[in-house]
Structures are given as structure tokens and as C-alpha cells.
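Just so you know, all these numbers are worked out from the coordinates, no wet-lab data involved. Predicted model only: the values in this text are computed from it and were never measured. All Cβ positions, even for glycine, are placed from backbone atoms using ideal geometry, and neighbour counts span all protein chains on display.
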């Protein structure tokens, strides 16, 4: 299985400041179709995960442009330019290039 | 508008079989390229993919649970059914069905005698 390792495990960010989360995979996520299927999800307590980013850097509909994804191969990053109170929760990276699909362990973001 | 909703028993006993139904709307599982999957999340823990079914009835299972899992679809009813046999307390989790960016609300299933 592809192991997805996220860092840091938790993050405390001041309102309006930037935040960055890293995700590293145990093998390349370049799929045979030429795409890199790396997604980012955000989950608030008691809610379902919401996909923010797909294929490394594409924002889903309705996702604010303060969220951006980047990376290639095995190293990926989710950045928030200016955190807002609603950004609190747990962020997960997920690879969909190899079966079984796998998630990272999550990064808990607290807003100060 | 795409929606998915999970249904099933909130409580099962150890050794029993869990059957969950995902009822969806806004798309068809007979459309090329479409798939629906099941993911679970034990309380306070990370997410885990369980199974995926494709429009052409191709199926994928988590290797660690493959012997216990079955995923099927009923295109006419817009439903995907997941069964997990020989339930154990460690299978206590919220179970989600999802299609890409669209996720159901989840259903908490507790395994307890």
C-alpha cells in the first residue's frame, strides 16, 4: 500500500496568517494515465470530509482561492494564504493513483 | 444536484454481517467513468478506503478486508450496497459513501454485544 505521511500532526495558526501542510507518499503518485491523483480534504468536527483540491492543484467548486495545492512525484503541499476561523479542523491528503486508495493520518489545524 | 445518503443499522453484534446501502441522486452509475466508493472512519481516527465499484461493475477492495467485503450496485434503484461480514468491535466507525468530491453524511455503526 502507498503510505501517505503528513506533517505537522497539528498546527496552531493566528487568524489571517498563512498555513502550510505537507504530504509525502511512499512511492510516486504519477498514474499510468499521466495524471497525479493527489487530493486534499478538510473535515470539521461532526461533518463529512469535503474535498478541496484534486489532482494536486485543482480547486473544487466553491473552494476559496486562499487554498492552493502544489507538488509532484512524492511531495505535496497544501497552503492557505490567510486562515479564517472556518478553516479549523483536520486536513487529509489522499492518493487515488494506486489501489488501495490511501489517506494521510491528518493534520489538525487550530485557529488562534 | 448530486447527493448520496447512507443507511443501515446503527448497532450490530459481534460476528454479525453489516449491510449498508448508499442511495444517490443526480448521476447514474451506468454512465462511463462513474464510480462510487465506501470509506470508514473509527471515532477520532483517520479515514480508510474500503471498496469501490465502477460503472462497468469492476470492483476494488481494501486488501486487508477483502475476504469480508462485498460491494454491489443496483443501477435501476441508484443504490450501492456494501456488506462486511464477521463484524468486530474494531469495525466501529462512521461509514461514508462517496463519489469524488461528493460525500454522504455518514452513518455511525457501533459493534457491541
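If I stretch the segment between residue A:99 and residue A:82 completely, what's the gain in nm (0.36 nm per residue apart, minus their alpha carbon distance), one decimal?
Stretched fully, the residue A:99-residue A:82 segment lengthens by 2.7 nm.
Taking chain A as a Gaussian network, Cα atoms linked when under 10 Å apart, which of A:20, A:12, A:32 shows the biggest mean-square fluctuation?
Taking springs between Cα atoms under 10 Å, the residue moving most is A:32.
Can you give the relative contact order of the range B:47-113 as a percent, counting alpha carbon pairs under 8 Å and 6+ residues apart?
Numbers: 79 pairs, mean separation 13.4, N = 67.
RCO, the range B:47-113: 20 percent.
From other protein chains only, count the Cβ atoms within 10 Å of every residue's Cβ in A:100-109, then give the mean. List each step's numbers first, then the result.
Working: counts 12, 9, 5, 6, 2, 3, 4, 0, 0, 0.
If you average over the peptide's residues, the count of other-chain Cβ atoms is 4.
Kindly identify chain A as rounded, prolate or oblate by the Cα gyration tensor criterion: order the square roots of the eigenvalues as a ≥ b ≥ c, call it rounded if a/c is under 1.5, otherwise compare a/b with b/c, prolate if a/b is larger, else oblate.
prolate
Set the Förster radius R0 to 30 Å, insert the Cβ-Cβ distance between residue B:58 and residue B:15 as r into 1/(1 + (r/R0)^6), and round the FRET efficiency to 0.05.
Numbers: r = 30 Å, r/R0 = 1.01.
Here the calculated transfer efficiency is 0.50.
Considering every residue in A:40-48, what mean count of other chain Cβ atoms within 10 Å of its Cβ is obtained?
Shielding by partners across A:40-48 averages 3.
With a cut-off of 8 Å between alpha carbons and a minimum separation of six or more residues, what is the relative contact order of chain A in percent?
On the way: 283 pairs, mean separation 43.0, N = 112.
Value for chain A: 38 percent.
If you find the alpha carbon centre of the range B:54-74 and of the range A:26-55, how far apart are they in angstrom?
Cα centroid to Cα centroid, the span is 21 Å.
For the range A:71-110, just say rounded, prolate or oblate: build the C-alpha gyration tensor, square-root its eigenvalues into a ≥ b ≥ c, call rounded for a/c under 1.5, and beyond that prolate if a/b exceeds b/c, oblate if not.
The shape class here is oblate.
Relative contact order (percent) for the range B:5-108, with alpha-carbon contacts under 8 angstrom and 6 or more residues of separation? Walk me through the numbers on the way to the answer.
Values: 222 pairs, mean separation 36.7, N = 104.
35 percent.
When you look at the Cβ of every residue in A:49-61, what mean number of other chain Cβ atoms sits within 10 Å?
Values: counts 8, 3, 5, 1, 1, 2, 0, 0, 0, 0, 0, 3, 1.
Per residue, the number of nearby Cβ atoms from other chains is 2 on average.
Using packing as a proxy for protection, rank A:55-64, A:39-48, B:84-93 so that the peptide with the highest average count of other Cβ atoms within 10 Å comes first.
Details: A:55-64: 13.8, A:39-48: 17.7, B:84-93: 15.8.
Top to bottom by mean Cβ count within 10 Å: A:39-48, B:84-93, A:55-64.
What does a probe at residue A:72 reach in the range A:1-34, counting residues whose amide N is under 13 Å from the point 7 Å along Cα→Cβ?
A:29-30
For residue B:85 paired with residue B:105, estimate the spin-label separation in nm (one decimal), with each label point 7 Å from Cα along the Cα-to-Cβ line.
Simple spin-label model gives 3.3 nm for this pair.
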